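The values are calculated or read from the model by the stated rules, or taken from the named source; none is laboratory data. Bear in mind that the values here come from a model prediction, so they are computed numbers and not experimental data. So basically every Cβ, Gly included, is an ideal-geometry build from the backbone, and we count neighbours across all protein chains shown.
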Amino acid sequence: MTEIDQTIYKRLTPSLKSLTQRGLAGWMVIAGCIIVLSIVIMTILSPWITPYDPSALNVGPLRTPPSMQFPLGTNHLGQDMLSRILSGGGNMLLVALLSVTICLLIGVPIGLVASYIGGAVDKILSLIMDSIYAFPGLVLAIVIAAMLGRGVVNMALSIAVVYVPSYFRIVRSHVLTIKELPYTQAARAIGAKGYTIVLSYILPNLIPSIVSVATINFADAILTAAGLTFVGLGLEKDIPDWGWDLTDGRMLLPSGAWWVITFPGIMIVLLALGFTLIGEGLSDLLNPRLDH
Amino acid sequence: MSLLNVESLTVDYQTRAGRVRAVDVVSFVIEKGETVGLVGESGSGKSTLGHSIVRLIPPPGIVKNGKIWIEGKNILNITEEEMRSIRGSKVGYIFQDPTTSLNPVKNVGDHFIELIQQHQPKCSNEEALNQTRKIFQDVGILPERINDYPHQFSGGMRQRIMIGLATALNPDIVIADEPTTALDVIIQAKILDLLLELRQKHRMALILITHDLGIIFENCERIIVMYAGKFVEYANSIELHRRPLHPYTKGLLQTIPNIELADQKLESISGSPPDMLNLPNGCPFWPRCPKVMKVCKRKEPEITQVRKNHGVRCFLYGGK
Amino acid sequence: MLLLSFVFLIVRVLPGDPVLLHFEKAASPETIESMRVRLGLDKPLLNQYFDYFLGLLHGDLGKSMQDFSPVGQQIFSAFPATLELAIFSMIIAAGLGIVLGIRSSKSYNSFQDHAIRMFGTVMYAIPIFFLGMLFQMVFGVGLHWFPTGGRIYPGMDPDGLSLGNIQFSTGLYTVDSLLEGDLLKFAQSLRYLFLPSLTLGLVLCGVFIRMTRSNMLEILRLDFVTAAKARGLKERTVLYSYAFRNAFLPVLTMMGLQFAVLLGGAILTETTFSWPGLGRYLVDRINFRDYTAIQGDIVFFGLLVALVSLVVDILYAYLDPRIRL
């Protein structure tokens, strides 16, 4: 591997110790990872740790504030909020994971191909991507979801469409730079085939930026998923989901039942925050800007 | 009372990689109207010294020790507000790169008017404008260009503007930090002439910081040679030219191409500039010194007054 | 241009005949067909495409599937509400963001700096509607300081300026009430506007904080800033007249870009606060499966975004002397 690749890999696989030494950015990544992992673990373990069945109705009196028996209260259907909180993250995580995967599988290759080949292909694709990028993301997602209907896959698809351009752009800008660098041209001069160049020269240098974009994308996906649920385009209602709790909880506001929306909301914030911290921390680490 | 008295100044940069002592216990005095040249390689500390005099050392640099007296006042102890009034009016500063030293979104006239009015709040727009026009004349720019923007001027003209700004309020001291390094040779000469002309006219003291020995010898009465944050030799320029003492100074002089010796090889000083994070023990110059002795590697020499107004920091001449 | 075609394509080409989707449950083939004809959806796709564009030039955005009234009209009447919300939210987002960004850059790496950055990051992670609901709970239901929904007290809509028989109104309640000279209406419209724009503004200010801060930091290290300090200029002058004036231009561009995000966020905000704007219109239409209206709305959004970008570009060219001259 070339020298540059090795440096990238060294940077990419920091040990825990080195992360703590990298100042604020390192701590951000650690904190973010802890948050995200905790939530993931919590969600995975939820079938075993929920005190009540989160979907069961009337396990307790309707609309009760937090108490010893129901530490997070109950909602208007008599469901236990604590159980719902513990198990409600699954859908969001799934949707987010799916949409990021789709983005990576589509956006990155298209970006690579378009910018490497150049010419008309590049121009057309860039035009399409720029149009999508310029359009209000949430609006687009809502419209697509409205067309496709409900369901995890549909949600993921609509979110993915909105964010593919981000990947495309960053891949493209990197490729355009690297394409002109002397060592790439040298490789071409000794007859390396196109895809070899792309795979072993260009791709490794892209990985840090892609990872960074992907994590922030995760956070955005979660927020967008919540937004889609809020306007009624989410999933079927019987699966416990923080987004649904928020939407339903709206009705209970005037009666002062604050616990129904507060806890799910906080969980969404935490999850999004976790990913954002990782993403921002990573991008700080990988692009040291203002060091003296 | 001297105009400028720097007393045992020490300036450190605290970086992640370690501590760099950019200025190491430096002392000197400047009187009214003198021209002093400060010469040294990049990293010798000369720029930092210049910045210290106006208290604009960029972070992470801090003054560790010492005093800087300007007309009897230790400027290291005064408030930021007091310092602000000194900058520009008592001490002028000319920066190295004219392409980046002016505000791109302000026209050049406004640079001056703003400067004048901030230091003389009672000055009206009319007066400030008149003053600006006069300064333009002094530095050789057409007054019609008052409303033009910096990017519309060439490098040489921008440096003239900088000089104008630095001298506009008739400061007692002007510090010129590599004023001609970014300019081509022909313009260099013109700029230096302008600088000296203004200096003469306003009776200002000039500190000329540069690595170019040729410029120093032509324009300065006194010369101070810096290396690795310390003064290694100082003397009047004629004296220094005739009788350089420190091996580093001698080395520098040898590097000036001399057209009369056209068939001789161009000399250079062996080795490379010191790593300020890892200075060697003893005299920092010993790895490159043709006259190095055993003691040089162990101890640092002190300054010896070899003649009146000629000092050198070297064990060859004492230095205990 | 391309944007519009793209939008059109989306609504048309996506799986599902819009008319069929509209009638989710079975409807008789005649009903379906008659709807198609009424809406002009029975013509070949290419014809529809051209017809649509021609219609656009006349301001015709199609007809609603629900009641066949012109979509354009509905959109234009809902637009000022969204515009007002967008303007005030942008003011809050940019104003707060820029001020905090400058402070943050001034005290680089200090506690204040980190705190402000954290604030911006956290704010962005909060779902807009959640923040909105929190505000509604605390300030509306709890403290009763602000109303929780709607645009103004029923019956209080301002009429704008009346000169004899001519009525001039902008549709922006704040402006109109001032034109009318009615301070009470003005105060009330502000009151209703406050929570929604605060919600949207706070969530978006994070972006401005980050951008302002990073631009300022870059510029503060530049020579001309040090040179300005070396001339003894006041700190205020250096910070604003030198640093910020140069950092500002990218921030302006960012404001234009954020407008798109703002529109997206407006959908959620309007729904939360029952604000009668384009966003809520969209959500309504979705619930009714009124796909022609949805299409019209999206097209309108696209146009808006394009317009704002244009304005920003022009402003940018005007403000940067390097381009102007």
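Would you point out which residue out of C:Phe79, C:Phe130 is in a helix (DSSP H, G or I) and either within 14 Å of chain A (Cβ to nearest Cβ) or under 30 Å from A:Trp244 (Cβ atoms) (or both)? Exactly one residue qualifies, and that residue is C:Phe130.
Checked against (1) over 12 Å from the mean Cα position of the chain (by Cα); (2) of a type outside the set (Gly, Ala, Ser); (3) under 30 Å from B:Thr255 (Cα atoms); (4) within 14 Å of chain C (Cβ to nearest Cβ), B:Glu80 passes all but condition (3).
For (1) within 13 Å of chain C (Cβ to nearest Cβ); (2) among the hydroxyl-bearing types (Ser, Thr, Tyr); (3) more than 21 Å from B:Leu195 (Cα to Cα); (4) under 28 Å from the mean Cα position of the chain (by Cα), each residue gets a yes or a no:
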| residue | (1), (2), (3), (4) |
| --- | --- |
| B:Gln118 | yes, no, yes, yes |
| B:Lys122 | no, no, yes, no |
| B:Gln131 | no, no, no, yes |
| B:Lys134 | no, no, no, yes |
| B:Leu142 | no, no, no, no |
| B:Asp148 | yes, no, yes, no |
| B:Gly156 | no, no, no, yes |
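Assessment of region B:215-230 against the conditions (among the aromatic types (Phe, Trp, Tyr), touching a Phe, Trp or Tyr at 6+ places or on another chain (Cβ under 7 Å) and touching a residue at least 12 places away in the same chain (Cβ under 8 Å)) yields at least one matching residue. Scanning region B:292-320 for residues that are in contact with a Lys or Arg (Cβ under 7 Å, 6 or more places away or on another chain) and free of Cβ contacts under 8 Å to residues at least 12 places away in the same chain yields a total of 0. Pairing each residue of region A:126-147 that is facing chain C (nearest Cβ under 7 Å) with any residue that is of a type in the set (Asp, Glu) and buried (at least 22 other Cβ atoms within 10 Å of the Cβ), provided the two are 6+ apart or on different chains, yields C-beta distances under 9 Å for A:Gly137/A:Asp220; A:Val139/C:Asp297; A:Val143/C:Asp297. Can you tell me which residues in region B:180-201 are at pLDDT below 85 and over 18 Å from B:Ser154 (Cα atoms)? Selection gives nothing. The residues on offer are A:Gly26, A:Gly32, A:Gly60, A:Gly107, and the sole one that is buried (at least 17 other Cβ atoms within 10 Å of the Cβ) and either aromatic (Phe, Trp, Tyr) or at pLDDT below 75 (or both) is A:Gly60. Evaluating B:Thr100 against the criteria (1) farther than 30 Å from B:Asp212 by Cβ; (2) facing chain C (nearest Cβ under 8 Å); (3) of a type in the set (Ser, Thr, Tyr) leaves one unmet condition, (1).
The selection criterion, being in contact (Cβ under 8 Å) with a residue 40 or more places away in the chain and among the hydroxyl-bearing types (Ser, Thr, Tyr), holds for B:Thr210. When C:Gly232, C:Gly206 are checked against the criterion of being touching a residue at least 60 places away in the same chain (Cβ under 8 Å), buried (at least 17 other Cβ atoms within 10 Å of the Cβ) and not β-branched (Val, Ile, Thr), C:Gly206 stands alone in meeting it. Within region B:28-71, being surrounded by 18 or more Cβ atoms within 10 Å (Cβ to Cβ), touching a Lys or Arg at 6+ places or on another chain (Cβ under 7 Å), within 14 Å of another protein chain (Cβ to nearest Cβ) and in a loop (DSSP other than H, G, I, E, B) holds for one residue alone: B:Val54. Listed by position, the helices (runs of 4 or more DSSP H) inside region C:198-316 whose residues that are of a type in the set (Gly, Ala, Ser) and in contact with a strand residue (DSSP E or B) (Cβ under 8 Å, 6 or more places away or on another chain) number at least 1 are C:223-230.
Restricting C:Phe259, C:Phe273, C:Phe300, C:Phe244 to those that are more than 9 Å from every other protein chain (Cβ to nearest Cβ), crowded, with 19+ Cβ neighbours inside 10 Å and closer than 30 Å to B:Lys106 by Cβ reduces the list to C:Phe244. Inclusion of A:Gly118 among residues that are more than 13 Å from chain C (Cβ to nearest Cβ), at positive phi and touching a Leu at 6+ places or on another chain (Cβ under 6 Å) is not warranted. With the structure loaded, tell me whether B:Ile75 is touching a helix residue (DSSP H, G or I) at 6+ places or on another chain (Cβ under 9 Å) and either closer than 22 Å to B:Gln159 by Cα or crowded, with 21+ Cβ neighbours inside 10 Å (or both) or whether it fails that test. Here the answer is yes, as B:Ile75 does meet what is asked.
Condition check ((1) within 7 Å of chain C (Cβ to nearest Cβ); (2) out of contact with any strand residue (DSSP E or B) (no Cβ under 6 Å at 6 or more places or on another chain); (3) of a type outside the set (A, V, I, L, M); (4) surrounded by 22 or more Cβ atoms within 10 Å (Cβ to Cβ)) across all residues:
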| site | (1), (2), (3), (4) |
| --- | --- |
| A:Ile216 | no, yes, no, no |
| A:Ala219 | yes, yes, no, yes |
| A:Gly234 | no, yes, yes, yes |
| A:Pro240 | no, yes, yes, yes |
| A:Ser255 | no, yes, yes, no |
| A:Trp258 | yes, yes, yes, no |
| A:Thr262 | no, yes, yes, no |
| A:Gly265 | yes, yes, yes, yes |
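When the residues of region B:155-213 are filtered to those that are touching a strand residue (DSSP E or B) at 6+ places or on another chain (Cβ under 9 Å), part of a helix (DSSP H, G or I) and polar (S, T, N, Q), the one that is surrounded by the fewest Cβ atoms within 10 Å (Cβ to Cβ) is B:Thr167. Being under 28 Å from C:Tyr316 (Cβ atoms) and over 19 Å from the mean Cα position of the chain (by Cα) holds for only one residue in C:Val261, C:Val225, and it is C:Val225.
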